[in-house]
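The structure under discussion appears below in the form of structure tokens.
The values are calculated or read from the model by the stated rules, or taken from the named source; none is laboratory data. These figures come from a predicted structure and were not determined experimentally. Counting neighbours? That spans all protein chains shown, and the Cβs are built from the backbone with ideal geometry, glycine included. For accessibility, only protein heavy atoms count, side chains too; no ligands or nucleic acids. Shrake-Rupley method; radii C 1.70, N 1.55, O 1.52, S 1.80 Å.
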Amino acid sequence: MFIVGLTGGIGCGKSEVSRLFSELGVPVIDVDVISHQLTAKGQSTLEAIVNQFGVDVLNKDGSLNRAHLREIIFNDPEARHALEAIMHPAIYEQAMIELNRNKATPYQILAVPLLFENTRYQNLINRSLVIDCDITTQIDRASKRDGA
């Protein structure tokens, strides 16, 4: 199983590159997508987050209030570590399931924003593909994406 690790800074175009590979029929496993799937309503990972942080991290419709959770973890390193202890193993497990599902393909993409900071994923990849751009473009793209 040949795995290309795709990474890069915010607003550099990782999602666009992932989309292009996917259009070419290359399997793309994106840990950000997995994270969102695992925190959808009804998922056990979301229940674990609520058990850890309380119902205040939910929107009225029962979905995860990501903005509120971000506020909590940015201001409290212990809270961030608690969230990571819930999310990281679950994301890794799901990524492995998806990678193994595609093991017959010539290669596949594993998109991990913090690839070089996470040795767990580094040990899986055969090659790295870093997407980069100038800081002005990054800020512009991220601002447009986030509606700022």
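Kindly check whether there is at least one residue in the stretch 14-36 that is of a type in the set (S, T, N, Q), surrounded by 13 or more Cβ atoms within 10 Å (Cβ to Cβ), assigned to a strand (DSSP E or B) and under 16 Å from the mean Cα position of the chain (by Cα). Explain how you work it out, then say what you get.
Going through the stretch 14-36, the residues of a type in the set (S, T, N, Q) turn out to be 15, 18, 22, 35.
Filter again for surrounded by 13 or more Cβ atoms within 10 Å (Cβ to Cβ), leaving 15, 18, 22, 35.
Still in the list and also assigned to a strand (DSSP E or B): none.
Scanning the stretch 14-36 turns up no residue that is of a type in the set (S, T, N, Q), surrounded by 13 or more Cβ atoms within 10 Å (Cβ to Cβ), assigned to a strand (DSSP E or B) and under 16 Å from the mean Cα position of the chain (by Cα).
So for the stretch 120-142 (the condition being touching a residue at least 40 places away in the same chain (Cβ under 8 Å) and among the acidic types (Asp, Glu)), does at least one residue qualify? Even if it seems obvious, please write down each step before you answer.
Within the stretch 120-142, the first condition is being touching a residue at least 40 places away in the same chain (Cβ under 8 Å), and the residues that meet it are 121-122, 124-133, 137-142.
Next cut, among the acidic types (Asp, Glu) only: 132, 140.
So far as the stretch 120-142 goes, yes, one or more of its residues are touching a residue at least 40 places away in the same chain (Cβ under 8 Å) and among the acidic types (Asp, Glu).
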Single condition residue 123 does not satisfy, out of (1) exposed (fewer than 13 other Cβ atoms within 10 Å of the Cβ); (2) farther than 16 Å from residue 6 by Cα: (2)
Can you name the condition, by its number, that residue 81 falls short on among (1) more than 17 Å from residue 36 (Cα to Cα); (2) of a type outside the set (Lys, Arg); (3) not in a helix (DSSP H, G or I)? (3)
Complete set of residues in the stretch 1-13 that are modelled with pLDDT of 95 or more and over 14 Å from the mean Cα position of the chain (by Cα): 2, 3, 4
Checking residue 83 against (1) open to solvent by 70 Å² or more (accessible area, probe 1.4 Å); (2) in contact with a helix residue (DSSP H, G or I) (Cβ under 8 Å, 6 or more places away or on another chain), the condition it does not meet: (1)
Answer yes if at least one residue in the stretch 101-113 is part of a helix (DSSP H, G or I), open to solvent by 40 Å² or more (accessible area, probe 1.4 Å) and more than 20 Å from residue 19 (Cβ to Cβ), and no otherwise. no
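Considering only residues that are among the hydrophobic types (A, V, I, L, M, F, W, C) and not in a helix (DSSP H, G or I), look in the stretch 37-65 and name the one that is surrounded by the most Cβ atoms within 10 Å (Cβ to Cβ). Let's see the steps before the verdict.
Of all residues in the stretch 37-65, those among the hydrophobic types (A, V, I, L, M, F, W, C) come to 38, 40, 46, 48-50, 53, 55, 57-58, 64.
Those still in the list that are not in a helix (DSSP H, G or I) too: 40, 58, 64.
Numbers: 40: 12, 58: 18, 64: 20.
If we take residues in the stretch 37-65 being among the hydrophobic types (A, V, I, L, M, F, W, C) and not in a helix (DSSP H, G or I), then 64 is surrounded by the most Cβ atoms within 10 Å (Cβ to Cβ).
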Would you check if residue 141 is in contact with a Pro (Cβ under 9 Å, 6 or more places away or on another chain), closer than 20 Å to residue 19 by Cβ and open to solvent by 50 Å² or more (accessible area, probe 1.4 Å)? no
